[in-house]
Amino acid sequence: VPEYWRDMLTELSWDVPNRIEIRMMTRYLDMPKAEVMRMLKYAGLKEEFRSPGADFMMVMGLQGYWSTLYRNGWINKEGLLTEIEAKELEPAVAERVYKMIVKAEAPARIEEGRTLTRALIMKGYKLEQLSKEECVTLLMTQQNYDRPEAEYIVAVEEAGWGSPETPLEFRRLVDTQRKAMGEEVEEIPEEVIDAERAFLSVDRRLKEAYGRKAPQSEIDSLEVEKAEAAAKYRELLLLHGL
């Protein structure tokens, strides 16, 4: 081979990574998207397909890694989004990957948790050494839970200390779980819960009064109180669309 052509022929003879190797490299090496696109060029991919091809390679290579980080609480939602955005994926692709990971890993984050530290935080709340908001904040800052997840954990612990007593309290606990899973739910105002408790309380007292054959004056008073409590409860249910 003439010397003039030797270097060019040598350059052409070098092997380049194939697409499977490129995908594996995106997983284990901190490669920017531009570098992945350059490698896809040498692998023979047409220019118009290099950007979506690079997105595909990076998502296939990194989604499992990102899921592990998020599932184990090593990063929160904000950290996950930062990791994804740093790879300069197309906005629609980045958003889709982010939502898929958050939705898929939410149950594991809530169920498994960081047990020991979480137990200590909840103990402080139970002993009234921490307020509810302080407890939620610590779960977020020390355990990397997001607010809906932290609020659900607190709600479950509260249920363990004294189970929900009214239908709306049960519904609110279920809604808290749904919110932690990323669903949109209507908040049940505290005044509606209080009105339900008041109505059920006077209803129990009235039944007890009938059971022990209380004086008619006491029963009449409780009947009036029950009617007033029921009216207020119905009014609040209608007001809040419940």
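The values are calculated or read from the model by the stated rules, or taken from the named source; none is laboratory data. Quick caveat, the model's predicted, so the values are computed rather than measured. Reconstructed Cβ throughout: ideal geometry from the backbone, glycine too, with neighbour counts over all protein chains shown.
Condition check: in contact with a Lys or Arg (Cβ under 8 Å, 6 or more places away or on another chain), in a helix (DSSP H, G or I) and at pLDDT 85 or above. Does TYR65 satisfy that?
Numbers: in contact with a Lys or Arg (Cβ under 8 Å, 6 or more places away or on another chain): yes; in a helix (DSSP H, G or I): yes; at pLDDT 85 or above: yes.
It is true that TYR65 is in contact with a Lys or Arg (Cβ under 8 Å, 6 or more places away or on another chain), in a helix (DSSP H, G or I) and at pLDDT 85 or above.
Determine, yes or no, whether TRP66 is over 26 Å from VAL16 (Cα atoms) and crowded, with 17+ Cβ neighbours inside 10 Å.
yes
Tell me, yes or no, whether region 57-72 has at least one residue that is charged (D, E, K, R) and under 16 Å from MET31 (Cβ atoms).
no
Here is a list of conditions, (1) in a helix (DSSP H, G or I); (2) modelled with pLDDT under 85; (3) charged (D, E, K, R), and GLU165 meets all of them except one; can you say which number that is?
Every condition holds for GLU165 apart from (1).
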